[in-house]
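Please read the structure below before turning to the comments.
The values are calculated or read from the model by the stated rules, or taken from the named source; none is laboratory data. A quick note: this is a predicted structure, and the numbers were derived from the prediction, not measured. Cβ sites come from the backbone with ideal geometry, for glycine too, and all protein chains shown count toward neighbours. Ligands, DNA and RNA are excluded from the accessible area calculation, which covers all protein heavy atoms including side chains. Shrake-Rupley method; radii C 1.70, N 1.55, O 1.52, S 1.80 Å.
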Amino acid sequence: MADGTKNMTESDTPADDIRIEEKKKPLYNLKVLAAIREAQLAHGLRHNDYQLYRQYCSRRIRRLRKNLDFIQGDRRNFRKKEVTVDVLRDDRFLLIPLMTIERCWAYSMQLKEESLQDSRKKFSMRNKLRKAAKYVVAFEKLVEESGVCDARTQLEVEGYSAWLQGTVLFELADWSHEWRAPVEFFNKALAIYSKLKVAVNEEEAEIYGSRLQELEVKLRFCKHHLGDKSATDTLLAMRGNEALGDKLDNLLASARERQAATLSEVTWKGRTLAVKHEKVRLFLLNVGLIHEELEKTSSSDDCVNMLDKLLFECKDALQIIRDDLKNDPSFKPRQQVNAGPVSPLHFLHTYLSYHRLQLTILRNKGLVDTYQKIVSGEMQVDDGKKAPKLQDLVRLQEIIIQNLNELTHLAGLEDDEELKKEVEGQVLAYKAH
């Protein structure tokens, strides 16, 4: 009986040791956001070079597979090897699917930029985005089912997956018009990254803060397309934010490009004019939004900068129409006689010229406001800049009067009595000034 007890104790000891070893086995830790952030900034994305980052991801995957003895054959014999639960014997295995996702995402962003010159690449971009979404879902499932990752890694991967799936749907929304689809994923990612931000040190919190800002902008952008007026107002108010300025401007620009694609014609002064060129469409769309944006901007200098940018767009649009008018046989005779019918393309040129003059007037009015504040002593001139004088104010008023008079001499507007009366009233007001 004593021998039996002794044998039972000895037989139980190895099993206990195994359980203890299992408990002591360290869990894998992967700081997903910090890892990809460091890689992106060091390999191209500091300057938005997606091709360079994609190439880095390919090299990194190749090195990881070689170091982990997990290569997929050679050039002659390819044997696909995916990272599964069974092969997770090292935490570096987690980097293989992560960098594969990053490579796919970077390729889609590269194709997005290239599609501005070649629209056919949009199809390849969408396919790469869908593939990235497929890979990130598989990666999330791998981490969850493996049981070898700690709680933070699981949460990081879950947040990364939600962000990427939302981003993919966000990029596809211009084609699918499904702006509700990304909102759910962005909200989930926002909740996860908010929790992680308060649980890490200051350096890491800054990384999460940057991702949270990006998510908030995209979330408001989706709500703006869903008709949320408060989200639209918030987006416009955030334009002055230095941390978000470029990203937000890019988002707004891409949205306007999508809207411009549907702007095939405009109606003005009782005439409907076809708009064929994308740059002209984009300019007309921006003109329609400029007044709303100017109302949200309190600084005269900011207003002038916005108008200067739009005037450059107007110049490009006018040049495109001017090039087309070279093939219009009625254009030159109409310019010489300054009377008679105006062709639709020529009248579109008039429409753009009308906007150019109106925008120039608005810009000069902004400069008048600034100059008046400086002359009156309400505002100080920056160091190194010359202070305007009273004669500079007078000169601006004269330019505005000149621009107003030019409006009534545009082709097709010579007999517009309503416009003449409106211009006469404004000219008198500026002469009084």
Residues of the stretch 308-324 that turn out to be open to solvent by less than 30 Å² (accessible area, probe 1.4 Å) and either more than 20 Å from Leu419 (Cβ to Cβ) or touching a Leu at 6+ places or on another chain (Cβ under 6 Å) (or both), as a count:
4
Residues located in the stretch 98-114, provided they are modelled with pLDDT of 95 or more and either within 29 Å of Gly147 (Cα to Cα) or hydrophobic (A, V, I, L, M, F, W, C) (or both)
Leu98, Met99, Thr100, Ile101, Glu102, Arg103, Cys104, Trp105, Ala106
Identity of the residue in the stretch 325-339, out of contact with any Ser or Thr (no Cβ under 9 Å at 6 or more places or on another chain) and in contact (Cβ under 8 Å) with a residue 24 or more places away in the chain, that ends up most open to solvent (accessible area, probe 1.4 Å)
Gln335
Filter the stretch 86-101 down to residues that are open to solvent by 10 Å² or more (accessible area, probe 1.4 Å) and either free of Cβ contacts under 8 Å to residues at least 60 places away in the same chain or assigned to a loop (DSSP other than H, G, I, E, B) (or both), then give me how many there are.
8
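For the stretch 252-282, enumerate the residues that are of a type in the set (Asp, Glu) and at pLDDT 60 or above. Explain how you work it out, then say what you get.
Within the stretch 252-282, the first condition is being of a type in the set (Asp, Glu), and the residues that meet it are 257, 265, 278.
Those that are of a type in the set (Asp, Glu) and at pLDDT 60 or above: Glu265, Glu278.
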Arg356: passes all of (1) within 30 Å of Arg271 (Cα to Cα); (2) out of contact with any Leu (no Cβ under 8 Å at 6 or more places or on another chain); (3) open to solvent by 70 Å² or more (accessible area, probe 1.4 Å) but (2)
Filter the stretch 366-408 down to the residues that are open to solvent by 60 Å² or more (accessible area, probe 1.4 Å) and in contact with a Ser or Thr (Cβ under 9 Å, 6 or more places away or on another chain) and list them by number.
Asp369, Lys373, Met379, Glu406
Yes or no: the stretch 106-123 includes at least one residue that is open to solvent by less than 30 Å² (accessible area, probe 1.4 Å) and touching a strand residue (DSSP E or B) at 6+ places or on another chain (Cβ under 8 Å).
no
List, please: which pairs have Cβ atoms under 8 Å, are six or more places apart or on different chains, and start with a residue in the stretch 263-284 that is under 14 Å from Leu345 (Cβ atoms) and in contact (Cβ under 8 Å) with a residue 24 or more places away in the chain and end with one that is of a type outside the set (A, V, I, L, M, F, W, C) and part of a strand (DSSP E or B)?
Val266/Thr272; Leu273/Glu265; Leu273/Thr267; Ala274/Glu265; Val275/Glu265
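Out of Leu219, Leu164, Leu169, report the one residue that is part of a helix (DSSP H, G or I), at negative phi and either open to solvent by 30 Å² or more (accessible area, probe 1.4 Å) or touching a strand residue (DSSP E or B) at 6+ places or on another chain (Cβ under 7 Å) (or both). Break it down stepwise before answering.
On the way: Leu219 fails: either open to solvent by 30 Å² or more (accessible area, probe 1.4 Å) or touching a strand residue (DSSP E or B) at 6+ places or on another chain (Cβ under 7 Å) (or both); Leu164 fails: either open to solvent by 30 Å² or more (accessible area, probe 1.4 Å) or touching a strand residue (DSSP E or B) at 6+ places or on another chain (Cβ under 7 Å) (or both).
Checking each option against the conditions leaves just Leu169.
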Residue satisfying condition, being more than 16 Å from Val304 (Cβ to Cβ), crowded, with 16+ Cβ neighbours inside 10 Å and in contact (Cβ under 8 Å) with a residue 60 or more places away in the chain, within set Val423, Val342:
Val342
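Out of Arg76, Arg54, Arg59, I need the residue that is open to solvent by 70 Å² or more (accessible area, probe 1.4 Å), in a helix (DSSP H, G or I) and not hydrophobic (A, V, I, L, M, F, W, C). Which one? Talk me through it step by step, then tell me what you get.
Working: Arg76 fails: in a helix (DSSP H, G or I); Arg54 fails: open to solvent by 70 Å² or more (accessible area, probe 1.4 Å).
After ruling out the rest, the residue left standing is Arg59.
Just need a number here: residues in the stretch 26-48 that are surrounded by fewer than 16 Cβ atoms within 10 Å (Cβ to Cβ) and either under 28 Å from Arg211 (Cα atoms) or touching a residue at least 24 places away in the same chain (Cβ under 8 Å) (or both).
Kept after step one, since they are surrounded by fewer than 16 Cβ atoms within 10 Å (Cβ to Cβ), are these residues of the stretch 26-48: 26-27, 29, 34, 38, 41-42, 46-48.
This time we only want the ones that are either under 28 Å from Arg211 (Cα atoms) or touching a residue at least 24 places away in the same chain (Cβ under 8 Å) (or both), so: 27, 29, 34, 38, 41-42, 46-48.
Counting residues in the stretch 26-48 that are surrounded by fewer than 16 Cβ atoms within 10 Å (Cβ to Cβ) and either under 28 Å from Arg211 (Cα atoms) or touching a residue at least 24 places away in the same chain (Cβ under 8 Å) (or both) gives 9.
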Near pairs, Cβ below 7 angstrom, 6+ apart or cross-chain, from the stretch 102-128 (under 20 Å from Cys57 (Cα atoms)) to any residue that is surrounded by 14 or more Cβ atoms within 10 Å (Cβ to Cβ) and of a type in the set (Phe, Trp, Tyr):
Cys104/Tyr135; Ala106/Tyr50; Ala106/Tyr53; Met109/Tyr50; Gln110/Tyr50; Glu113/Tyr50; Lys128/Tyr107
Could you pull out every one of the helices (runs of 4 or more DSSP H) wholly within the stretch 330-433 that has 1 or more residues that are within 22 Å of Leu318 (Cβ to Cβ) and among the aromatic types (Phe, Trp, Tyr)?
331-337, 344-375
Kindly establish whether Val304 is under 30 Å from His346 (Cβ atoms), among the β-branched types (Val, Ile, Thr), part of a helix (DSSP H, G or I) and in contact (Cβ under 8 Å) with a residue 24 or more places away in the chain.
no
